[in-house]
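To start, the structure under review is shown below, and the notes come after it.
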Amino acid sequence: MLRHKTGNGLIYYRFASLAPYDEVVHGVFTRLGGVSAPPFAWLNVGRSVGDDPEAVEANHALICRALGISPDDIATARQVHSSRVAVVGVEGRGRAVPGTDALVTGAPGVALMLRFADCVPIALYDPVRRVVGLAHAGWRGTVEGIVRRTVLAMAQAYGSRPADIIAGIGPSIGPCCYQIGQTVLQLVREALADWPSLLRRQGDGSFHFDLWEANRRQLAQVGVEKIEVAGVCTACHNDEFFSHRADGARTGRFGVLIGLRDANNGQW
C-alpha cells in the first residue's frame, strides 16, 4: 500500500515495502502542487510536452526540496518506450541517457528520475548489494520485458540476487481503463502467450490489457519475490495523476525518483 506524504507543499507517495529502509530516498509524485498552467497543471516534470520550460524547472526544484536532494544529483533518461536499460554512476548526475527507459545505480547520491502519464513506474531496491533501479513500462516496454531486463542489469552490474530485490509497481493505467487496439493486441498475444488472462475481453468485443499483472508476473518469473502493487489507476484518478488516456495528448508528466544515501554518514 502506498504511503501518503507531504513536503514542500507537494503531495507524494512512498512504497510501504521501501519505507523501512532509511538509506532509500524515493517518491511517487502527483500532479498536485507545482506551478505549471493548464493543460499541464500543476506539477509537470515533462520537458518535451510543450510546457513553459521555466515552470518545468521550478517543478523539478520543488520535488528536489521535498526529498532533500539537489537537481544536480538527478540522473534521468530520454524515454522512447524502449526496453533499453542503462547502468549509471556518479558521472550520470545531471545528465539524460538517450533512448532509454530504465536506469540502475549502486552509487550513493545519484537520484534516478523518470516521468509518467499512464505507463507503469517500477521501483527496485536490493538491500543486500545496495542497488536501486527504476523502469518505465508502457505496453511496448512490457511486451519486450523491460522489467526483466532491469533486474538482470542489477544482477550483471552489481551481483544482485533477484530474491533479495524489493519491487514497487506504481500508479499507472489499470486494466479497468487500458483498452488496446488490434495491432497491440496481436503483439501482446504473441509475446505473452503463456498468460492469456492478461487480456480481458469486454462486453463490446474490445480487449483491456493488465499492465500491472504483466509486470508483476515478469518480476516473479525472474525470481523477485517481494512485489508491491499500488493498484492505482491514473486514468481513473487523473485529478491526482497525469493521464494521457484520460487527459488527452496535451498533458503533463508526473515524476518518480529513487536513490541511495551515503551509508557512512546517512547524508545525501
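Taken together, the values in this text are just the output of simple stated rules run on the coordinates, not laboratory data. As the structure is a computational prediction, the values presented were derived from the model and not from experiment. Because the Cβ atoms are built from the backbone with ideal geometry, glycine has one as well, and the counts that use them run over all protein chains shown.
Of note:
- Both numbers refer to the Cα atoms of region 17-104; Rg and Dmax are 14.0, 38 Å.
- Mean Cβ neighbour count within 10 Å, used as a protection proxy, ranking 159-171, 30-42, 110-122, 194-206 highest first: 110-122, 159-171, 30-42, 194-206
- Annotation: amide H of Glu228 within the under-5 Å range of Ala167, Gly168, Ile169, sequence separation 5 or more or interchain, hydrogens built in the peptide plane.
- Dipole of the chain, positive end: most advanced residue of Trp195, Ile169, Ser83 [Cβ charges, Cα centre]: Trp195
- Selected from His26, His237, His81 as most flexible by GNM, with the chain as the system and alpha-carbon contacts under 10 Å: His237
- Extension gain, Lys5-Arg189: 0.36 nm per intervening residue step, less the Cα-Cα distance, totals 62.4 nm.
- Nonlocal amide H pairs with Val131, under 5 Å, H built at 1.01 Å: Asp126
- Placing unit charges on the Cβ atoms of the charged side chains and taking the dipole of the chain about its Cα centre, the candidate lying farthest along the positive direction among Ser17, Pro53, Val256 is Ser17.
- Multiplying the residue separation of Arg201 and Tyr21 by 0.36 nm and removing their Cα-Cα distance gives an extension gain of 60.8 nm.
- Placing unit charges on the Cβ atoms only, positive for Lys and Arg and negative for Asp and Glu, gives region 2-260 a dipole magnitude near 300 debye about its Cα centre.
- Summing +1 for each Lys or Arg and -1 for each Asp or Glu among the other residues whose beta-carbon sits under 12 angstrom from that of Leu114 gives +2.
- Radius 14 Å from Cβ of Arg78, net charge of other residues (Lys, Arg +1; Asp, Glu -1): +4
- Spherically averaged projected area in nm², based on the convex hull that wraps the Cα atoms of region 2-260: 12.5 nm²
- Near Phe242, once Lys and Arg are set to +1 and Asp and Glu to -1 for all other residues with Cβ below 10 Å from its Cβ, the sum equals 0.
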